[in-house]
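The values are calculated or read from the model by the stated rules, or taken from the named source; none is laboratory data. It should be emphasised that the depicted structure is a prediction, and the values quoted were computed from it without experimental measurement. Neighbour counts are summed over all protein chains in view; Cβ atoms, including those assigned to glycine, are modelled from backbone coordinates with ideal geometry. Accessible surface is based on the protein model in full, side chains and every heavy atom, while ligands, DNA and RNA are left aside. Shrake-Rupley method; radii C 1.70, N 1.55, O 1.52, S 1.80 Å.
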Amino acid sequence: MNIKGAVRATWAWLDDRLGVRTVTDFLKHKPIPRNRHTPWMYTGSLVLVFFGIQVLTGIMLAFYYRPTLEEANKSIGEIMTKVPLGWIIRSVHSWSATFMIAIVFIHLLGIWVLKSYRKPREMTWMSGVLLLVFTLAFGFTGYLLPWDALSLAATKVGTDIPRSIPLIGAWGTRFLRGGEDISGDTLSRFFSFHVSVLPLCLLAALALHVYLIQKLGMSLPVGADEEAEARRAIPFWPNFVYREAIVWLVFAGVLVTIAVFLPPTLGKAADLMAPAPEGIKPEWYFLFLFQTLKVFPAKILFITGDTVAVLLILLAAALFFFLPLLDNKPAGRKGKIITILAFLLVVYAVAMSIWSLQTPSKPEADKIVPAPQNIKESTAIYVFLGGIWLSVAVLTYLLRLKIKETDRLLHVGYFSSDRR
Amino acid sequence: MRLKHSLFTRRQFLNGLLGGWLGVLAGLFLYPVLKFIFPPEREPEQVLLPLADYGSLEAGAIKNFAWGRKPGMLKKTAGGELIAFVSVCTHLDCNVAYLPDKKKFFCACHEGWYDENGVNIGGPPPKPLRRLAVTTEGENLVIKPEGAA
């Protein structure tokens, strides 16, 4: 039997029922603008790639992780020492979280500076802010799960913050902790948030976000000549996907390489009665908030400093969420103040983070430092890394050939709709 | 574009190479994932049972022990010899019970029967119960897989 014919017939059968062609046709005609701002457009899909890696490695870690007071720390220790390659899987999960959050920030900054959130894309921005909140919540809840001294202290501080909010704050803290204090219930709760509540929330917001991006199309930079842009644009499929694929591959290679050489360690199981370790800090993406809370005095006039700080942060978050409604100029107008504001915000966050890093943190004694278990494993890992970087190099070369080819086809009008 | 005697076009060649290499890369990533998901099964090399607890069995009596994650049974035969089984049914992995009044091993899942030496005599079990080797070393009974030195 003719294989090609069979494949084509199966495809036609599926397409008749699923309407796949509607989607592929849409992607073939979705224009991606080509100008000096195009690099920002790689960030969104890159976040998605890292989210996918988080989902896969997260599912794998959950195969062995046990979210109880007695076993949480122990089971992570076993993942790092007993399960084959477990330390690398955990390292990839941890590093991919860092990459994801970093690129989320860059993505956000790009949208902000380009004013892409303006009419009609206000809700795309808002759904994006929700995605940011969920992403940070992922980081916060995931940080407790290894249940060592650092994660306990960070969670104690983090879950205590809502208490500073008048009226509803104490309730918020109890909700997060599952009681007045951190206990095994907090751990179960955080695990549940991390693996079921947040994924559902994030996927819902993501669906809205991606739907809106498809519905509204890519935004053009402020003051762009629409006709010239339309002439220069390339279709998402296949021309742009080949370009994005190169970025994905390179980042995947970098991620795995860093994960192998700088795996996260694991401290001893947290002791609920022990004093907090000296110089504790949250993950890097919370440092600026952490430092903000630290610099507020204990009392401002007659209210506690914490309350003022938390309320200010909440106000800033609200302003941030409603940014498209505050800066509601038509899409074509420039917005210098907004750009300067973004710049100031970045400077503030970086400065506060650096300041917060000035307090030295004590390296913890007897923690598990993962490494290959034997010469066989380390050889395999080096061969693996070599294979990955060889693949990245070759695939980049091939993808560049494909880009040239598809650009040429685009140029001669092969993809234009009237041709069919 | 197709060379004069070529069977395929440049585009087909490039697509094949790209797709093939991506497939290889996917396989390269799949390997550690499978390694992680299927950890090696570790059967114990040996299990030590203190003679003080296990040596004083009466003839025909049974004592349970843990063979790794599986249950094991130590039995003293009528002749006074100590024998050991992995007390897991060879049919579909249920744990079997010893019925002292009938002098038989019984698997409740599908009514499988083994005689007092662990030989399958009734019901679906295809093989006798797995035997383990028993030796005495000082204060302990040493249980090892059969055939291991």
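Some points to look at:
- Here A:LYS119, A:LYS115 are screened, and the one residue that is within 24 Å of A:ASP327 (Cα to Cα) and open to solvent by 30 Å² or more (accessible area, probe 1.4 Å) is A:LYS119.
- Looking only at residues of the stretch A:155-177 that are touching a Leu at 6+ places or on another chain (Cβ under 9 Å) and part of a loop (DSSP other than H, G, I, E, B), we find that the one that is surrounded by the fewest Cβ atoms within 10 Å (Cβ to Cβ) is A:PRO166.
- Odd one out for A:ILE337 among (1) part of a helix (DSSP H, G or I); (2) under 26 Å from the mean Cα position of the chain (by Cα); (3) not small (Gly, Ala, Ser): (2)
- Residue under evaluation B:LEU3, criteria (1) part of a loop (DSSP other than H, G, I, E, B); (2) more than 14 Å from chain A (Cβ to nearest Cβ); (3) farther than 30 Å from A:LEU390 by Cα; (4) open to solvent by 40 Å² or more (accessible area, probe 1.4 Å), criterion not met: (3)
- Members of the stretch B:118-137 that are in a loop (DSSP other than H, G, I, E, B), in contact (Cβ under 8 Å) with a residue 24 or more places away in the chain and either exposed (fewer than 15 other Cβ atoms within 10 Å of the Cβ) or not assigned by TED's automatic domain parsing to the domain that holds B:ALA66 (or both): B:PRO126, B:LYS127
- Candidates in the stretch A:217-241 are the residues that are aromatic (Phe, Trp, Tyr) and touching a strand residue (DSSP E or B) at 6+ places or on another chain (Cβ under 9 Å); of these, the one that is least open to solvent (accessible area, probe 1.4 Å) is A:PHE240.
- Filter result for A:LEU323 (closer than 17 Å to A:THR155 by Cβ, in the same structural domain as A:LYS119 (by TED's automatic domain parsing) and of a type outside the set (Phe, Trp, Tyr)): no
- Scanning the stretch A:53-75 for residues that are touching a residue at least 60 places away in the same chain (Cβ under 8 Å), surrounded by fewer than 19 Cβ atoms within 10 Å (Cβ to Cβ) and of a type outside the set (A, V, I, L, M, F, W, C) turns up A:THR68, A:LYS74.
- Unmet criterion (only one of (1) more than 28 Å from the chain's Cα centre (by Cα); (2) within 10 Å of another protein chain (Cβ to nearest Cβ)) for A:LYS376: (2)
- Number of the exception - A:GLY86 against (1) within 30 Å of A:PRO372 (Cβ to Cβ); (2) open to solvent by less than 10 Å² (accessible area, probe 1.4 Å); (3) modelled with pLDDT of 95 or more: (3)
- Any hit, the stretch A:390-407, residues being more than 30 Å from B:PHE29 (Cα to Cα) and open to solvent by less than 70 Å² (accessible area, probe 1.4 Å): yes
- Verdict on A:PHE175 being closer than 25 Å to A:ALA270 by Cβ, without any contact (Cβ under 8 Å) to a residue 60 or more places away in the chain and not hydroxyl-bearing (Ser, Thr, Tyr): yes
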